[in-house]
């Protein structure tokens with residue numbers, strides 16, 4: 001028993017098994033095999049390593065965005081001249097990565113709390129029975145008092161009076177001067193995996209350059225100052241059209257960096273995308289056009305609380321930071337090579353299927369590829385036990401008269 005265990009351990013540690021191979025001289029199968037291997041090789045080199053950069057590890061950035069608007073607007077509505085600065089036309093005013101620039105508005109001044117008739121088309125009525133007191137309609141301006149105003153044929157409401165009339169949107173937009181406003185974007189990103197921090201104010205940008213530059217896709221692609229009219233144009237919109245009823249534009253700061261080269265080559269690219277605007281341009285939703293919201297300025301006059309209500313139409317800007325950094329790493333490199341080597345086995349599988357099932361001499365190839373053996377049972381008389389003896393084929397097949405060693409199949 002001890003010798004059997006010793007022999008078993010010796011066989012396990014000091015013997016090597018290798019699969020048997022059959023060399024098939026067949027031009028068609030050989031061409032198919034080489035074409036598949038060539039395709040796999042092209043996939044590994046072209047797609048995995050060159051296009052997908054499978055030899056590099058990747059990381060996304062943690063970043064922040066700061067914005068600042070500059071510019072002054074002028075309006076003259078019914079002889080009333082007004083100057084609009086950044087504090088008036090930017091919402092919110094904290095320099096966020098998402099903000100709105102007002103380009104058009106409807107103003108309702110001197111509103112105070114009281115009762116007044118609704119606008120025509122909202123809460124229409126023919127008698128007091130049509131105006132149920134204490135109720136309100138979603139599209140109305142206040143709570144109904146139960147009175148039908150004969151002069152307007154609308155229900156009386158408790159609201160901020162006079163109610164806003166937003167049926168007629170100013171055309172052309174009141175703040176067309178917004179086309180000349182400028183936007184300054186300051187962005188910093190950090191790639192934690194590689195310990196790299198970058199700013200869009202790269203090495204070539206200093207105070208002198210910023211004071212005179214204006215972004216241009218080819219002439220000044222790194223300038224962080226953008227003219228609103230240029231942003232709208234590059235996003236595919238017409239400024240006057242989008243300024244009338246508002247819209248939204250996405251500004252993408254793209255940090256795609258190869259850190260295998262000098263880090264100074266890691267620079268941002270700016271892209272502009274029209275998200276939604278006027279129906280005639282990119283927005284297919286006709287139910288709700290443009291972008292607008294309301295805000296009020298409250299004050300007290302003669303001890304009476306009043307407010308000035310503005311319905312603001314503007315362009316919403318969303319600044320989105322997109323990032324991906326790559327750097328050589330031995331682990332993904334070995335993984336990509338290993339997976340590529342495994343894919344080479346596809347050629348063997350395909351060629352075996354052709355040999356064993358499609359070619360006319362498939363039976364001959366089966367006999368060459370597979371060797372069948374029988375299991376013989378012998379009685380061990382000395383121990384009085386039955387054991388199964390498995391006969392294996394010698395590699396050189398000299399003792400097997402039926403061996404295919406030396407057999408050659410010639411393609412005809």
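The values are calculated or read from the model by the stated rules, or taken from the named source; none is laboratory data. Just so it is clear, the model here is predicted, and its values are computed rather than measured. Using ideal geometry, Cβ is built from the backbone for each residue, glycine included, and neighbour counts are taken over all protein chains shown.
Figures for the structure shown
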{"item": "Residue in the stretch 30-50 that is over 30 Å from residue 352 (Cα atoms) and touching a helix residue (DSSP H, G or I) at 6+ places or on another chain (Cβ under 6 Å) present", "result": "no"}
{"item": "Any hit, the stretch 173-192, residues being closer than 30 Å to residue 257 by Cβ, out of contact with any helix residue (DSSP H, G or I) (no Cβ under 8 Å at 6 or more places or on another chain) and in a loop (DSSP other than H, G, I, E, B)", "result": "yes"}
{"item": "Residue satisfying all of: in the stretch 6-40; part of a helix (DSSP H, G or I) and surrounded by 14 or more Cβ atoms within 10 Å (Cβ to Cβ); farthest from the chain's Cα centre (by Cα) among these", "result": "29"}
{"item": "Options 150, 123: the member that is outside the structural domain of residue 94 (by TED's automatic domain parsing), farther than 30 Å from residue 227 by Cβ and over 47 Å from the mean Cα position of the chain (by Cα)", "result": "150"}
{"item": "Any chance residue 102 is in contact with a helix residue (DSSP H, G or I) (Cβ under 6 Å, 6 or more places away or on another chain), surrounded by 12 or more Cβ atoms within 10 Å (Cβ to Cβ) and touching a residue at least 24 places away in the same chain (Cβ under 8 Å)", "result": "yes"}
{"item": "Boolean, residue 314 is farther than 30 Å from residue 56 by Cβ, at pLDDT below 90, buried (at least 19 other Cβ atoms within 10 Å of the Cβ) and not assigned by TED's automatic domain parsing to the domain that holds residue 43", "result": "no"}
{"item": "Residues of the stretch 321-346 satisfying the condition of being in contact with a strand residue (DSSP E or B) (Cβ under 8 Å, 6 or more places away or on another chain) and outside any helix (DSSP H, G or I)", "result": "321, 322, 323, 324, 325, 326, 327, 328, 329"}
{"item": "Restricting the stretch 193-203 to residues that are exposed (fewer than 15 other Cβ atoms within 10 Å of the Cβ) and in contact with a helix residue (DSSP H, G or I) (Cβ under 9 Å, 6 or more places away or on another chain), the residue that is farthest from residue 66 (Cα to Cα)", "result": "203"}
{"item": "Strands (runs of 3 or more DSSP E) contained in the stretch 48-87 and holding at least 2 residues more than 21 Å from residue 196 (Cα to Cα)", "result": "62-70, 73-77, 80-84"}
{"item": "Where a residue in the stretch 15-35 is touching a residue at least 24 places away in the same chain (Cβ under 8 Å) and in the same structural domain as residue 350 (by TED's automatic domain parsing) and its partner, wherever it lies, is surrounded by 10 or more Cβ atoms within 10 Å (Cβ to Cβ) and in a loop (DSSP other than H, G, I, E, B), with Cβ under 6 Å and at least six apart", "result": "26/411"}
{"item": "Positions within the stretch 59-88 being within 30 Å of residue 326 (Cα to Cα) and surrounded by fewer than 15 Cβ atoms within 10 Å (Cβ to Cβ), in sequence order", "result": "62, 64, 66"}
